[in-house]
Amino acid sequence: CIFINRTILGLDMAYSTFIEPVRSIRTNADLACFLESAAFDSYVNFVVALGDSVRGIKTSQDIFVPEVCEKIIDLLNKFREFFDVCPPTNTQSRFGNPSFTKWSAMVKQ
């Protein structure tokens, strides 16, 4: 089984070299081997630790947004509304998507 965890082997990670990741799980047998490996346990423990580290922390906070930023956000939202009105068309055109012309005209108004 090729899935090992260097810290479990007692190796000092400071002296490790980077190895470019390669796809190693190609068969059901490879997957079964990985699911039983120390590397898999390390990945799961890392994800659990990440989850635990943010438990109880708000995912959104009320923050001060300067007026100029609010205006830019409003403008971008308006552009998005225009996009909803005239989405891109799936046509081949030598001069670009025809819907862009309509969208651009709406923006200029």
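Every read-out reported here was derived from the displayed coordinates using simple, explicitly stated rules and does not represent laboratory data. These numbers were taken from a predicted model, which means no experiment stands behind them. Heads up, the Cβs are rebuilt from the backbone with ideal geometry, glycines too, and the neighbour counts pull from every protein chain shown.
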*Seen from all sides and averaged, what is the projected area of the convex hull of the Cα atoms in the range 13-53, in nm²?*
4.1 nm²
*Measure nothing but the geometry: give the 0 to 90° angle between the long axis through the Cα atoms of 38-53 and the longest principal axis through the Cα atoms of the chain, rounded to 10°.*
50 degrees
*How would you rank 58-70, 31-43, highest first, on the average number of other Cβ atoms within 10 Å across their residues?*
31-43, 58-70
*asked:* Given a Förster distance of 35 Å, report the FRET efficiency between L35 and Q61 from their Cβ-Cβ distance, rounded to the nearest 0.05.
replied: 0.35
_Set of lysines with alpha-carbon distance to K71 below 21 Å, sequence-local pairs under 8 removed_ = K108
*Spin-label point model (7 Å from Cα, Cβ direction): what's the F18 to N97 distance in nm?*
3.5 nm
*Using Cα extents along the principal axes in Å as the read-out, say which of (i) 40, 34, 23; (ii) 67, 44, 27; (iii) 79, 16, 15 was calculated from these coordinates.*
(ii)
